[in-house]
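The values are calculated or read from the model by the stated rules, or taken from the named source; none is laboratory data. Note that the structure is predicted; figures quoted are calculated from it, not measured. As a convention, Cβ positions derive from the backbone with ideal geometry for all residues, glycine included, and neighbour counts pool all protein chains shown. Protein only, heavy atoms only, side chains kept; ligands, DNA and RNA dropped before computing areas. Shrake-Rupley method; radii C 1.70, N 1.55, O 1.52, S 1.80 Å.
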Amino acid sequence: MGEHARLTLGDKDYELPRIKGAAGPDVLDVRKLYADADVFTFDPGFTSTASCESKITFVDGDKGILLHRGYSIEQLAENSSFLEVCYLLLNGELPNAADFVDFERTITYHTMLHAQFDRFFTGFRSDAHPMAIMTGAVGALSAFYHDSTNVDDPEQRKISAHRLIAKMPTIAARAYKYSIGQPFVSPRNDVTYAENFLRMAFSVPAEDWKPNPVLTRAMERIFILHADHEQNASTSTVRLAGSSGANPFACIAAGIACLWGPAHGGANEEALMMLNEIGSVDRIPEFIQGVKDRKYRLMGFGHRVYKNYDPRATVMQKTCHDVLDEVGDSDDPMLKVALELEKIALNDPYFVERKLFPNVDFYSGITLKAMGFPMTMFTVLFALARTVGWISQWKEMFEDPQRKLGRPRQLYTGPLQREYTPIDARG
Ligand code: CMC
């Protein structure tokens with residue numbers, strides 16, 4: 001018999017089994033609580049709720065540790081490729097050489113979109129935000145790939161996962177090309193995943209495009225850093241949408257919609273806007289005062305789980321320096337503002353007491369801008385990279401025998417039943 005927590009309500013005791021994971025806090029199993037004791041647990045924002053069991057990603061927010069299938073994000077960013085990380089997240093193990101060749105080939109040969117799909121892009125206004133296009137276009141994949149939407153078939157689940165990972169760069173690049181009025185560039189099968197994306201985003205038919213190895217490596221790293229992050233808001237959205245049996249393309253579209261918000265993936269865009277607005281180092285004290293006066297938040301700082309330096313931010317800061325050196329922008333005033341702002345915030349009691357540290361978004365905006373991306377594309381790149389995390393979590397959910405429709409309850413505080421009054425009788 002395992003350990004239990006005891007809950008006393010009135011004159012009755014209820015035992016809540018305490019379950020240990022491989023790491024992280026134990027959980028109290030409250031699944032029978034409502035049936036046994038007629039009470040719900042109340043946890044808006046899910047700050048104390050484990051919504052599922054998972055073997056994919058582990059975050060220790062106090063120590064600043066992020067593991068994918070047991071491998072640290074630092075090691076993966078240093079040694080691995082994005083497609084290898086995709087294989088790892090999807091399958092649980094790093095691939096051997098033959099498996100990797102096979103996987104890379106599968107993804108590469110799924111990168112093209114149905115020719116009719118291009119009409120979707122032209123249906124949008126040319127000034128549409130690329131995230132709006134992404135949300136619509138990814139949802140529309142379900143209208144084109146019916147043969148992989150049966151969620152009860154493991155083979156179809158696998159094919160849809162491969163299709164999503166493969167087609168996201170093509171969709172993201174088209175969303176960008178459409179927004180700047182340039183022709184779409186087709187994917188190529190003889191280059192890496194990151195290079196293929198950069199080529200589709202930046203090459204034009206009028207001249208040859210040469211990859212820059214430093215920028216390609218930076219893109220690869222940025223994709224790796226964003227690949228998964230356990231049960232964050234967008235991943236939980238994908239799981240919740242998937243719990244009803246909705247098709248994977250629709251579920252990922254839901255995840256993209258959630259990611260768009262400024263408290264989540266939209267923060268990289270907001271962080272760069274903020275650095276832009278501050279403009280110079282001498283304006284930082286005034287800006288910090290505004291944060292303390294609660295006029296606004298320091299974007300790219302703070303995290304629901306990390307109460308220490310976000311390990312992704314460390315790698316991102318290094319990548320940022322590599323990129324700025326490469327493009328000859330190491331004197332970028334925004335980098336100066338960011339470095340100084342970080343230094344001041346890390347020593348200021350307001351941020352220290354609240355354990356607010358830079359997160360992955362603090363340096364990603366400066367890096368992506370230096371690589372040539374407009375701000376509106378930042379969250380799109382996050383979505384592209386996070387797709388593997390979303391679909392791995394979605395796939396894991398279907399492999400879990402305990403899978404249930406997600407259906408939270410509520411603490412109702414509205415009016416009790418009342419009589420309907422006709423409109424002319426209302427005051
Ligand atoms: N700037 C100033 N104060 C902050 C910030 C910030 N960025 N973040 C939290 N605080 C304060 C907040 O005002 C509160 O203070 P008090 O206790 O005095 O009221 C305290 O810290 C706790 O804040 P919270 O909102 O309860 O914490 P949370 O865990 O719900 O917030 C967060 C997490 C990410 C929404 C928040 O830190 C935030 O808004 N950060 C800025 C947006 C951002 O960078 N988001 C990217 C997150 S990482 C990438 C991703 O996951 O998408």
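Multiply the residue gap between K12 and K295 by 0.36 nm, knock off their C-alpha separation, and tell me the result in nm, one decimal place. Intermediate values should be presented prior to the final figure.
Numbers: separation 283, 0.36 × 283 = 101.88 nm, distance 4.77 nm.
Gain in length upon complete extension: 97.1 nm.
Rounded to a whole number of µm²/s, how large is the Stokes-Einstein D of the stretch 285-342 at 4 °C and 1.567 mPa s, given Rh as the Kirkwood radius over C-alpha pairs? Before the final figure, lay out each step's value.
Values: Rh = 13.2 Å.
So the translational diffusion coefficient is about 99 µm²/s.
Sorting check: for 133-145, 182-194, which peptide has the highest mean count of neighbouring beta carbons within 10 Å, and how do the rest follow? Numbers along the way, then the final one.
Working: 133-145: 20.8, 182-194: 15.6.
Packing proxy ranking, top to bottom: 133-145, 182-194.
Please state, rounded to one decimal and in Å, the Kirkwood hydrodynamic radius that the chain gives when every pair of distinct Cα atoms enters the mean of 1/r.
Working: mean 1/r = 0.0427 Å⁻¹.
Hydrodynamic radius (Kirkwood, Cα only) of the chain equals 23.4 Å.
Which one, V151, G123, V185, is farthest towards the positive end of the dipole of the stretch 98-212 when Lys and Arg carry +1 and Asp and Glu -1 on their Cβ?
G123
With the other protein chains left in place, how much accessible area per residue, in square angstrom, belongs to the chain at a 1.4 angstrom probe? Show your work: numbers first, answer last.
Details: 21730 Å² over 427 residues.
Result: 51 Å² of accessible area for each residue.
Which values of log₁₀ I(q)/I(0), to two decimal places, follow from the Debye formula for the stretch 253-352 at q = 0.12 Å⁻¹ with a uniform point scatterer at every Cα?
Results for the stretch 253-352 at q = 0.12 Å⁻¹ read -0.44.
Evaluate the charge dipole of the chain about its Cα centre and quote only its size in Debye, nearest 20, assuming +1 on the Cβ of each Lys and Arg and -1 on the Cβ of each Asp and Glu.
Numbers: 46 positive and 55 negative charges, 178 e Å.
Dipole magnitude for the chain comes out near 860 debye.
Where the accessible area of the chain is counted over protein heavy atoms with a 1.4 Å probe, how much of it, in %, is carbon and sulfur?
Values: 11370 of 21730 Å².
Heavy-atom surface of the chain belonging to carbon and sulfur, 1.4 Å probe: 52 percent.
What FRET efficiency comes out for N91 versus T47 if R0 is 35 angstrom and r is the Cβ-Cβ distance? Round to the nearest 0.05. Spell out each step's value before the answer.
On the way: r = 31 Å, r/R0 = 0.90.
So the FRET efficiency works out to roughly 0.65.
Using the Cβ atoms and a cut-off under 14 Å, what net charge is assigned to the surroundings of P130, where Lys and Arg are +1 and Asp and Glu are -1?
Numbers: positive: R125, R174, K177; negative: D127, E269.
Local net charge: +1.
Do the sum for the chain: with -39,500 (n - 2.57) for every DSSP H run of n ≥ 4, divided by all residues, what is the mean residue ellipticity at 222 nm, to the nearest 500 deg cm²/dmol?
Working: 18 runs with 217 residues, N = 427.
About -16000 deg cm²/dmol.
List the lysines whose Cα lies under 21 Å from the Cα of K369, skipping any in the same chain that are fewer than 8 positions away.
Counting by Cα, and skipping residues close in sequence, K369 has these lysines nearby: K177, K210, K318, K336.
For the chain, modelled as a GNM with alpha-carbon contacts under 10 angstrom, which of L28, L76, L198 fluctuates the most?
L28
Can you find, among N347, L405, A313, the residue farthest towards the positive end of the dipole of the stretch 302-427? Put +1 on the C-beta of Lys and Arg, -1 on that of Asp and Glu.
Among N347, L405, A313, the one farthest towards the positive end of the dipole of the stretch 302-427 is L405.
Which of the chymotrypsin sites (Phe, Trp or Tyr not before Pro) found in the stretch 319-388 are in a DSSP loop and have at most 15 neighbouring Cβ atoms, other than their own, within 10 Å?
On the way: sites: Y350, F351, F362, Y363, F378, F382; in loops: none.
Loop-located and lightly packed - none at all.
List the longest stretch of the chain that has no exposed loop site; here a site is one of the GluC sites (Glu not before Pro) assigned by DSSP to anything other than H, G, I, E or B, with at most 16 other Cβ within 10 Å.
Values: sites that count: E3, E53, E93, E207, E419.
It works out to 208-418.
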